[in-house]
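The values are calculated or read from the model by the stated rules, or taken from the named source; none is laboratory data. Predicted model only: the values in this text are computed from it and were never measured. FYI the Cβ positions are ideal-geometry reconstructions off the backbone, even for glycines, and counts take in every protein chain you see. Remember, those area values only see protein heavy atoms, side chains included, never the ligands or the DNA or RNA. Shrake-Rupley method; radii C 1.70, N 1.55, O 1.52, S 1.80 Å.
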Amino acid sequence: MSRLRVAIQKSGRLSDKSQALLQNCGLRFARSKDKLFWYGKDFPVDLLLVRDDDIPRMIMGGVCELGIVGENVANEVMLDRNGGTGLIPLRKLEFGHCRLSLAVPEQSDIVGAEGLDGRRVATTYPALTRSLLKERGVEAKIVELAGSVEIAPGLGTADAIADLVSTGTTLRANHLKEIEVLFESTAALYGTGESLPQEKQDLLDRLLARIDGVLQ
Ligand code: ATP
Ligand code: ZN
């Protein structure tokens, strides 16, 4: 009997809502606190609990057939891979809303993306930021950071940042102002671009029908 694997975030902003969505679809799991694998009891769908950043590559690598992750993360990986076909969005979900925004120091006179041509932009989303700036006709120097992007302008390592924002509190705490929204993101269910064996495809179709019922 075929089974499907769905990767979701282990702990973080998307975890509870990803679990709730699947539970609302009638899925029940034999869970254990520290284990990263939850066995699906009533429906042949198992969960993998991982870091959100690992989800796109796990789908592309065939470790799992499905995953729930932010569009920001998925798009970054797809762009980095030259738009490979390994990852396809199946359903946009109703949680994980945030925006990837440009911000500059409060005293800066840069007012929009146009002002960033040739300037340094720090971000943890280099491929996505480069592509969104390019769409706006702007070619900036991307400074790739692993985290704490908001301190880069104060340290003198960037003129602006492109970072995820939901309330703006972090920006204000770091004396930054938001100047332009580059991208609005939500969580989404992704699948593999590879075709699945018929039994798995049937299972996926049944799961998607349940998800659509919940999203209604
Ligand atoms: P992990 O340990 O799994 O790598 P993380 O620290 O990278 O976790 P979270 O902060 O939990 O990730 O964010 C996960 C996703 O939640 C983001 O990629 C984004 O899609 C979404 N999100 C929603 N609101 C925000 C926000 N205000 N800041 C950051 N991410 C947000
Ligand atoms: Zn992460």
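Give Leu14, Leu27 a once-over and let me know the one that is touching an Asp or Glu at 6+ places or on another chain (Cβ under 8 Å), within 11 Å of ligand 1 (Cβ to nearest atom) and hydrophobic (A, V, I, L, M, F, W, C).
Going through Leu14, Leu27 in turn, just one is touching an Asp or Glu at 6+ places or on another chain (Cβ under 8 Å), within 11 Å of ligand 1 (Cβ to nearest atom) and hydrophobic (A, V, I, L, M, F, W, C): Leu14.
Do you know which residues across the stretch 135-158 are touching a residue at least 40 places away in the same chain (Cβ under 8 Å) and over 24 Å from Leu79 (Cα atoms)?
Matches in the stretch 135-158: Pro153, Gly154.
Does Ala187 fit the bill of being under 27 Å from Ala7 (Cα atoms) and exposed (fewer than 15 other Cβ atoms within 10 Å of the Cβ)?
It is false that Ala187 is under 27 Å from Ala7 (Cα atoms) and exposed (fewer than 15 other Cβ atoms within 10 Å of the Cβ).
Between a first residue in the stretch 5-26 that is of a type in the set (D, E, K, R) and a second residue that is open to solvent by 100 Å² or more (accessible area, probe 1.4 Å) and near ligand 1 (Cβ under 10 Å from one of its atoms), which pairs have beta carbons less than 8 Å apart while being 6 or more apart in sequence or on different chains?
Lys10/Arg51
Looking at Leu128, Leu102, Leu132, which is the one that is within 16 Å of ligand 1 (Cβ to nearest atom), open to solvent by less than 30 Å² (accessible area, probe 1.4 Å) and assigned to a strand (DSSP E or B)?
Exactly one residue qualifies, and that residue is Leu102.
Which condition number does Asp42 fail, the rest of (1) charged (D, E, K, R); (2) farther than 24 Å from Ala146 by Cα; (3) in contact (Cβ under 8 Å) with a residue 40 or more places away in the chain being met?
It fails just one condition, (3).
So that you can scan it fast, the table gives a plain yes or no per residue for (1) out of contact with any Phe, Trp or Tyr (no Cβ under 6 Å at 6 or more places or on another chain); (2) within 16 Å of Ala187 (Cβ to Cβ); (3) without any contact (Cβ under 8 Å) to a residue 60 or more places away in the chain:
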| site | (1), (2), (3) |
| --- | --- |
| Ser2 | yes, no, no |
| Asp46 | no, no, yes |
| Gly67 | no, yes, no |
| Glu71 | yes, yes, no |
| Asp80 | yes, no, yes |
| Gly86 | yes, no, no |
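Collect the residues in the stretch 1-56 that are more than 24 Å from the chain's Cα centre (by Cα), within 24 Å of Leu87 (Cβ to Cβ) and of a type in the set (S, T, N, Q), keeping them in residue-number order.
Ser2
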